[in-house]
Every structure is written in structure tokens, then in C-alpha cells.
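Step one of this worksheet: look at the structure below.
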Amino acid sequence: MIEKKRRDLQEINSSSMADIAFLLLVFFLVTTTISMDKGISLVLPSEGNEMEVNKINIVNILVNESGKVLLDDKPTRLKDIKNIAERRISQNSKVIFSLQTHPRTKYQVYIKVLDQLKSAKAQKISIANPPSF
Amino acid sequence: MKIVRKTHTSKEVSTASMPDIIFMLLVFFMVTTVMREFEGLDVLMPRAQMIEKLESKRHTAYIWATKDGLISVNDRIIAMNGLSSIMYERMVADPKITVSLKSDENATMKLISDIHTQLREANALKLSYAALTETP
């Protein structure tokens, strides 16, 4: 009688497992995009939630279409907004900055003003709708 | 008399756990990967200093706005008055959503305030103006 002896291994060769895993790893490394979403955050007021505020607590900031800033009726340079805002906050902690723009004001200037207010740690910023012409 | 020391320790580092380590890394990258959906419109974002990181990509809705007044959400260019209904649907699907407004620095404030109005109608109030880091 002939006895068959199977001497070959029953296991699957797993030496290439590491290679396969490496390949997948490289694929995911390449396709992963590290989150680059950064920006100035702001919470909009909900609709129909307009409230009356005492005029003493409001600082009006107006920005015209050429990017000139009027802070409480005084022409102000963009760079000075931070210092003025800081001073106003230290004088009156309840102060609200009302930012009003012209419809043709550039978004860039608006962001710059918002950035200045944020760096002065202003908490209450109100965005007034530009008047429609 | 000579003492012959015989050390039987093998000189090679065992590579048996290599696949496990690689698999662990693989699983990490698989979990963190969010496939890119949409490259967006051609916008030149403004620069600012006080920028904050957005919490999570999964809870972010992107609105693209160009200087020509085009707006795009969900890979499609849409009309301004259609924005609030789209954003409302996104809000219902995920109430934690933050809107990331990627707008061109030369866009007008009329466009931005129209977007504000539409977002307020949709009750999507958490907004982030996408900006790049300013190099001082």
C-alpha cells in the first residue's frame, strides 16, 4: 500500500502581508488631507431677535466702499481699531461693537476689521445689514 | 582553561509583529481620512490673524462665494434664494453643523450680507469666515 504523506504546509504564506498592508498604508497617507479649515468664527443672531440696546453701550464702526473706517464718527486707521476697542472694553465691559458696511465694501476690509475686534477680545459684535440702495 | 561562552540569542530583530504595527497605522489613517469631495470655486481667501480651527470636518458645511457673486454649496452653483432651503436640510440632518464661508477677498458685502440673511432664515447660525494665516 502506498501511503500518501502530505508534507506541504497547510498555512497560507503570510510573509507578503506586511507588503500589502504597507501599500494600503501609503495609499491612505497620500489621500489624507490634514484639516486646514481655519477661520474667524462668529455666531449670527437668530431671526427676529432684534433687541434695543442703550446707545451708551454701542460703538459704531462704519466701513465705506473704499475701505475707510469711521469709528464713532472719527476716521480711524485699520491698525488702530484694536487699541481703541481694547480701551473701550476696559472702560465699559458691556460695550457692543456694531459693524456696518456699505454694500460695495470689500469682504477683505470687513474681515480685517473683524480680525482687529477679535484680537481686542471683543465678545459682542453686531453685524448690521448694509442699507440697500 | 578556556571558557567558551556560547550565546544563542539571535542577532536579528523579530519582524513578526511588523504587520500588526502597520495594520494599526493603517486603521488609524483609514479612520481619520475624509475623502475630498469638492475642490470648490476659484476664490482667493482673505488673510487674518485671529483665526481659529474648525472643530470637525464632518460637521462643516462649505459655502463658496466668488467675487462675481457666484455661490456654490454641495458641488452645485445655486441661486441666492435657494440657499436657505439647502442649508435648512443640512441643519436638519446635522444640527451641530458649522458653516464655513469660503469667500473671495474682493467679494462685496452685499453678497456676504445676503448670505447672512439666508443663513439666519435656515437657522444655521454658527458661521466661520474661512481665512488664511497672515504672515506678519
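When you look at the Cβ of every residue in A:111-122, what mean number of other chain Cβ atoms sits within 10 Å?
Mean number of neighbouring Cβ atoms from other chains: 4.
Quick one: if the Förster radius is 25 Å, what FRET efficiency do B:Leu70 and B:Leu132 give, using the C-beta to C-beta distance and rounding to 0.05?
Result of the calculation: an efficiency of 0.75.
Averaged over its residues, how many other protein chain Cβ atoms are within 10 Å of peptide B:113-125's Cβ atoms?
Mean number of neighbouring Cβ atoms from other chains: 3.
Among DSSP beta bridges lying fully in the protein assembly as shown, give the percent that are antiparallel, nearest 5.
So the antiparallel bridges in the protein assembly as shown amount to around 50 percent.
Using alpha carbons only, how many angstrom separate the centre of region B:57-98 from the centre of region A:38-90?
Between the Cα centre of region B:57-98 and that of region A:38-90, the gap is 27 Å.
Just subtract the alpha-carbon distance of B:Ser85 and B:Glu55 from 0.36 nm times their residue separation and send over the number in nm, one decimal.
Using 0.36 nm per residue and subtracting the Cα-Cα distance, I get 8.4 nm.
Could you give the length gained on full extension between A:Val53 and A:Arg77, defined as 0.36 nm per residue of separation minus the Cα-Cα distance, in nm?
Net length gain for the segment: 6.0 nm.
Under 5 Å between amide H atoms, partner at least 5 residues away or on a different chain: which partners does B:Ala107 have, H built in plane at 1.01 Å?
A:Tyr107, A:Gln108
Residues with amide H under 5 Å of B:Arg47's amide H, sequence separation 5 or more or different chain, H placed in the peptide plane at 1.01 Å from N; which?
B:Leu132
Bear in mind these aren't lab numbers, they're just calculated from the coordinates by the rules spelled out. Quick caveat: nothing in here was measured; it's all calculated off a predicted structure. Please note: Cβ atoms are built from the backbone with ideal geometry, for glycine as well, and neighbour counts cover all protein chains shown.
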